[in-house]
Amino acid sequence: SSSAPKRSVASLVRIPRPDHLDFKMAEGEICLIQDDGTEVTGKLADKLSLRGIRTVVMSFPVDLVPENGSISREIPKLTLADMEEETLAAALAEAQEKYGKIGGFIHVYPKASKENMTDVVFSKTERALLQHVFLSAKHIK
C-alpha cells in the first residue's frame, strides 16, 4: 500500500541573500518592479537604475499598500486604480507601450501581517497581492 504525500499550508521562508546579482536586459527592455510600499522598492529601483537597467515601478491601490515616498522622481511609476485583472492588464500594456518591453519582473513582497488572519497563513490583502503576481506573469509572458 502506498502512503499519501504529506499536505500542509504553504508559508513564506527566508532565503539567503544572493552573492551577486548579474544579468543584462536586452536593448529597449525594462524591469518592472511591483511596489511593496516600503523603502526596499525605492532602493532596489535605484540600484538597478545605477546599473543601467531601465526600471518602472508599479504600485498597488493605496488602500492595500501604502503610498511609497522612497521612489526617485526619475523612475517612472504606474499606480493601479483597483485590483481587477483588466486594470492590471491595461497597466502592463501601458508600461510596455510607454517604456519598453518587460524583460524583467520583480515583485517586492510586503512584510507579512497578522491582521485579518483566518485559518490560513495569508490575510485577504496578502492573497490579493499574491494573486496579482501570477496575473502579472500571465499578462507579461
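Overview of values
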item: Qualifying residue in region 28-46 (condition: of a type in the set (G, A, S), in contact with an Asp or Glu (Cβ under 7 Å, 6 or more places away or on another chain), outside any loop (DSSP other than H, G, I, E, B) and within 19 Å of K101 (Cα to Cα)); result: no
item: Residue that is modelled with pLDDT of 90 or more, in a helix (DSSP H, G or I), closer than 27 Å to M25 by Cα and in contact with a Ser or Thr (Cβ under 9 Å, 6 or more places away or on another chain), where the choices are A95, A91; result: A91
item: Hits in region 16-28 (condition: in contact with a strand residue (DSSP E or B) (Cβ under 7 Å, 6 or more places away or on another chain) and either surrounded by 12 or more Cβ atoms within 10 Å (Cβ to Cβ) or of a type in the set (F, W, Y) (or both)); result: M25
item: Residue check, P66 open to solvent by 40 Å² or more (accessible area, probe 1.4 Å), closer than 26 Å to K124 by Cβ and in contact (Cβ under 8 Å) with a residue 12 or more places away in the chain; result: yes
item: Selection status of Y109, modelled with pLDDT under 80, surrounded by 10 or more Cβ atoms within 10 Å (Cβ to Cβ) and out of contact with any Ser or Thr (no Cβ under 6 Å at 6 or more places or on another chain); result: yes
item: Set A89, A95, A81: member being of a type in the set (G, A, S) and in contact with a His (Cβ under 8 Å, 6 or more places away or on another chain); result: A89
item: Sole exception among (1) of a type in the set (S, T, N, Q); (2) modelled with pLDDT under 90; (3) open to solvent by less than 30 Å² (accessible area, probe 1.4 Å) for Q131, by number; result: (3)
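Residues checked against (1) open to solvent by less than 90 Å² (accessible area, probe 1.4 Å); (2) within 20 Å of S136 (Cα to Cα); (3) touching a residue at least 60 places away in the same chain (Cβ under 8 Å):
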residue: K6; (1), (2), (3): no, no, no
residue: I30; (1), (2), (3): yes, yes, yes
residue: T41; (1), (2), (3): yes, yes, yes
residue: D46; (1), (2), (3): yes, no, no
residue: L50; (1), (2), (3): no, no, no
residue: L78; (1), (2), (3): yes, yes, no
residue: E94; (1), (2), (3): yes, yes, no
residue: K98; (1), (2), (3): no, yes, no
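The values are calculated or read from the model by the stated rules, or taken from the named source; none is laboratory data. Computed from a predicted structure; not experimentally measured. In this analysis, Cβ positions are derived from the backbone assuming ideal geometry, glycine residues included, and neighbour counts consider all displayed protein chains. Just the protein is used for accessible areas: all its heavy atoms, side chains included, with ligands, DNA and RNA removed. Shrake-Rupley method; radii C 1.70, N 1.55, O 1.52, S 1.80 Å.
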